[in-house]
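Asks: Before anything else, here's the structure in question.
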Amino acid sequence: MAEMTSTRNTGQLVGRTIVYGLLVLVCFYYLMPLFVMVTTSLKSLDEIRAGNLLSLPQDPNLDAWGKAWSSACTGVQCEGLAGFFWNSVSFVVPAVLMSTLIGAVNGYVLTMWRFRGSDLLFGLLMIGCFIPFQVVLLPMARTLGAMGIANSTTGLVFVHVVYGLAFTTLFFRNYYVTIPDELVKAAKIDGAGFWLIFRRIILPLSAPIIVVSIIWQFTQVWNDFLFGVVFSSGDRQPITVALNNLVNTSTGVKEYNVDMAAAIIAALPTLFVYVVAGKYFVRGLTAGAVKG
Amino acid sequence: MDLTAQRMTAAPESGAGTEAKPRLGDRIDAWLPKIVLAPTFVCALVFIYGYILWTAVLSLTPSRMLPKYEFAGLAQFEALFANERWWLALKNLALFGGTFVLVCLAVGLLLAILLDQKIRGEGLIRSIYLYPMALSFIVTGTAWKWILNPELGIERLLHDGGFENARFDWLIDPEMAIYTVVVAAVWQSSGFVMALFLAGLRGIDDSIIKAAQVDGASMPTIYRRIIIPSLRPVFFSSFMILTHIAVKSFDLVMALTNGGPGFSSDVPATFMYSFAFTRNQIGLGAASAMMMLMIVVAVIVPFMYSELRRPRHG
């Protein structure tokens, strides 16, 4: 009997070692590109040519970072990513706040003030999560031109709000469905109106889903490339487009360290959000995945 | 999923509890929910459905640099399917999409099962698997472009590791370039699929597994016969999301290969962009966009239909 349990324990130990080994190995795989990006950005070009991907920088310095931020060429101009970084900030912030706010109100109506046809409406909106955006690019380009907001911050905010609404509405609707009916019903009997109930009862309960929505939208809008490259040009472009231009600018020597520093700069805001509020980020991902 | 199962019992038609003489304020109150929802509704109608229609109309015109609203029949679609580059893009989408979806599902499921073995430090490991999802595809593309660099990247690493003649130049190999996109896309998205599967695994009722164990079923059998089949809804949503990512994939290809070498790693999304916005062939671009929409519909609708017809468990 004792012998049996001991072989069983050995078997289990071997099994667990394999499981942990695999998991750690996979960790290295996921971390490797980040490691390579960071170390490459700290090396000099000579060192990059002489060494290999995984070697540690001999003489770490931030020269490449400085260049990526303020003097690298992104096409014809050579002013680094700084301006584009602030471009992104200037349209991401309003777009995220507006789509979240509208999504919250939509979700509130779709759960607490349902009317005939509201479910159908929700279904129509949800299809917006599925379409490949290529199918709206040409008409949107003409519309933005006609409205005089092509290649402007306003235009990008507009586009991101319009196509972000489906997701934010979905988040809030699925969250509000779980709030007990009685709460709102009682308030209605007491004569509280639409906005009063929203402000006094619903909003105070919404903190977690607001965080989820803001993080999701922030990541989506910051990382967007398609709308940025189609609806903006020159020095109005978002950072993702500028990064792509920087990497593909073919004049002169290829500076891999500057490319990597630039990539990290473009990734920092969303990475920061992920590190600080990863829990909510994951929740947004899965909420977005489980289509209502 | 269970959220949607909960239905609101009563659907209040309007501001209830105001039975006294209706005043103007009350009537506005009664209409308020509809008024509030109206802008979103109009947006969806115009900017989703209206624009799809508009693109469809454009695809039936001879438009080039500017829209020209004359009926040209299916000429643009004929031109599209006579275009070798479009066929190449379709073939690449099939290769990339197929491999990407399958590998992501397999890796995601495997990692989720491994992580579900009461692992110490699970939270940390999970965050490591998932962080690529927070990055832009442009960042991912830039990073992998460097890692896969035919001279200084992995190939150099292999040489330094003693494999003097090793070659790893997929990025400049027209046959293999599309698979670099798979490598990078899997790196970015597989952690997400893992998270979905893990959530599914955590939702399985423990008592079924315990009962099977009491009956003497081995762990592999339990996984094969009970656990994995019960993850069907997760397979369903992951499949939809991954297909969607695959058809839409544009940024990653632009950043990693820019469709090259030549057009060898073109996909429909890059094809559409190139014809609609840089080559001034609006009609052809619109036709390719419509085809992309139809691909999404063709893949997702039958799948959704067969899935929704199945009786729901739990």
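Asks: Suppose the filter is within 25 Å of A:S71 (Cα to Cα), away from chain B (no Cβ under 11 Å) and either surrounded by 21 or more Cβ atoms within 10 Å (Cβ to Cβ) or not hydroxyl-bearing (S, T, Y) (or both); does A:D259 pass it? Don't jump to the end; show me each part of the working.
Replies: Details: within 25 Å of A:S71 (Cα to Cα): yes; away from chain B (no Cβ under 11 Å): no; either surrounded by 21 or more Cβ atoms within 10 Å (Cβ to Cβ) or not hydroxyl-bearing (S, T, Y) (or both): yes.
So A:D259 does not fit the description; no.
Asks: Go through (1) assigned to a loop (DSSP other than H, G, I, E, B); (2) more than 9 Å from chain B (Cβ to nearest Cβ); (3) under 30 Å from B:G108 (Cβ atoms) one by one and return the number of the condition A:L54 breaks.
Replies: Every condition holds for A:L54 apart from (2).
Asks: Whether any residue in segment A:159-173 is hydrophobic (A, V, I, L, M, F, W, C), farther than 15 Å from A:V105 by Cα, more than 7 Å from chain B (Cβ to nearest Cβ) and in contact (Cβ under 8 Å) with a residue 60 or more places away in the chain is what I want to check.
Replies: Yes, some residue in segment A:159-173 is hydrophobic (A, V, I, L, M, F, W, C), farther than 15 Å from A:V105 by Cα, more than 7 Å from chain B (Cβ to nearest Cβ) and in contact (Cβ under 8 Å) with a residue 60 or more places away in the chain.
Asks: I would also like to ask the following. Looking at A:A187, A:A192 in this structure, which one is over 24 Å from the mean Cα position of the chain (by Cα), surrounded by 15 or more Cβ atoms within 10 Å (Cβ to Cβ) and not in a helix (DSSP H, G or I)?
Replies: Every option except A:A192 fails the conditions.
Asks: From the list A:L226, A:L156, which one is at the interface with chain B (Cβ under 8 Å from one of its Cβ atoms), within 24 Å of the chain's Cα centre (by Cα) and of a type outside the set (D, E, K, R)?
Replies: The unique qualifying residue is A:L226.
Asks: Would you point out the residue of segment B:38-50, among those that are aliphatic (A, V, I, L, M) and within 28 Å of the chain's Cα centre (by Cα), that is farthest from the other protein chains (Cβ to nearest Cβ)?
Replies: Here the residue is B:V42.
Here is a yes/no grid of residues against (1) within 11 Å of chain A (Cβ to nearest Cβ); (2) part of a loop (DSSP other than H, G, I, E, B); (3) crowded, with 20+ Cβ neighbours inside 10 Å:
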{"residue": "B:P174", "(1), (2), (3)": "no, yes, no"}
{"residue": "B:T180", "(1), (2), (3)": "no, no, yes"}
{"residue": "B:A211", "(1), (2), (3)": "no, no, no"}
{"residue": "B:S238", "(1), (2), (3)": "yes, no, yes"}
{"residue": "B:H244", "(1), (2), (3)": "yes, no, no"}
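Asks: In the list B:V234, B:V214, which residue meets the criterion of being farther than 25 Å from B:M294 by Cβ and touching a Leu at 6+ places or on another chain (Cβ under 6 Å)?
Replies: Only one candidate passes the filter, namely B:V234.
Asks: Report the residue count in segment B:250-276 for those that are more than 10 Å from chain A (Cβ to nearest Cβ) and in a loop (DSSP other than H, G, I, E, B).
Replies: 10
Asks: Closer than 30 Å to A:F231 by Cα, touching a residue at least 24 places away in the same chain (Cβ under 8 Å) and small (G, A, S): which single residue out of B:A199, B:A289 fits that description?
Replies: Selected residue: B:A289, the only one of B:A199, B:A289 that is closer than 30 Å to A:F231 by Cα, touching a residue at least 24 places away in the same chain (Cβ under 8 Å) and small (G, A, S).
The numbers here are math on the coordinates, done by the rules we state, and not lab data. Given the structure is predicted, the values throughout are model-derived calculations rather than measurements. Neighbour counts are summed over all protein chains in view; Cβ atoms, including those assigned to glycine, are modelled from backbone coordinates with ideal geometry.
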